[in-house]
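The values are calculated or read from the model by the stated rules, or taken from the named source; none is laboratory data. For clarity, every value in this text was computed on a predicted model and none was experimentally measured. Methodologically, a virtual Cβ is constructed for each residue, glycine included, from the backbone with ideal geometry; neighbour enumeration extends over all protein chains shown.
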Ligand SMILES: [Mn+2]
C-alpha cells in the first residue's frame, strides 16, 4: 500500500507491507491533509497477524473519526478503544500549517525524527511500553518547525541505523522513500513508514 498526501504545506509518502507470509498487517496507518493541518497516526499491534491487525485498525478508525481533535485527546481515545484488545504501540503527529508547529505523542517503539534545514533535529522520546486500555501517562509535546523540514516515522519492521542522517540528507522524500524500499525485503515484521516534508 502506498498513499500520498499533498498540498502546498505538506508532501508525504506512506508505505506499508505485512510480515512475509502474513495476510493481515498488524500495523495500521492513518494520514489526512486539510487546508489547516496534517495528521498521521502509526500503530503497531503487538505480535502480528489478525489480532494485531484488529487492535491497530481500531486505533486507526478512532483517529479517522476524530482527526479534528488535538493529539492529547486522540491518544486517550485510542487507549480507550483498546480495552479487551491486544495492545499497540502508537505515534500520532499533527502539524498546524499556520502556526508552523507540530504536536507529537508516542507510546512504545515507533521511531520518529524531524530534521530542520537549519540543522536542528527534533526526536521526542517516547513513553516506553504500549497502549492497552489501562490508565496511562502520556508525553505530548509541541514544537516549531522550519519550512522545508523533513520527517520520517517507521515501525520496527524497518531497521535503519541512521535515521537522522537520512532525514537531514539533501534527498527528496521520494528518494528517501526509494532508499527505504531497499530495506523492505529483509523485514522480519510488519513494516510501515511515512516520509514527509513540511513547507
Ligand atoms: Mn512491529
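Structural remarks
- Scanning the range 130-154 for residues that are touching a helix residue (DSSP H, G or I) at 6+ places or on another chain (Cβ under 6 Å) and part of a strand (DSSP E or B), we see that the one that is nearest to residue 40 (Cα to Cα) is 152.
- The listed residues are 137, 185, and the only one of them that is closer than 28 Å to residue 61 by Cβ and at pLDDT below 95 turns out to be 137.
- If you filter the range 29-84 down to residues that are on the phi > 0 side of the Ramachandran plot and within 16 Å of the ligand (Cβ to nearest atom), you find that the one that is surrounded by the fewest Cβ atoms within 10 Å (Cβ to Cβ) is 47.
- Of all residues making up the range 113-128, the number that are surrounded by 14 or more Cβ atoms within 10 Å (Cβ to Cβ) and not in a strand (DSSP E or B): 5
- Among the residues of the range 155-168, those identified as in a loop (DSSP other than H, G, I, E, B) and either modelled with pLDDT of 95 or more or within 13 Å of the ligand (Cβ to nearest atom) (or both) are 155, 156, 157, 158, 159.
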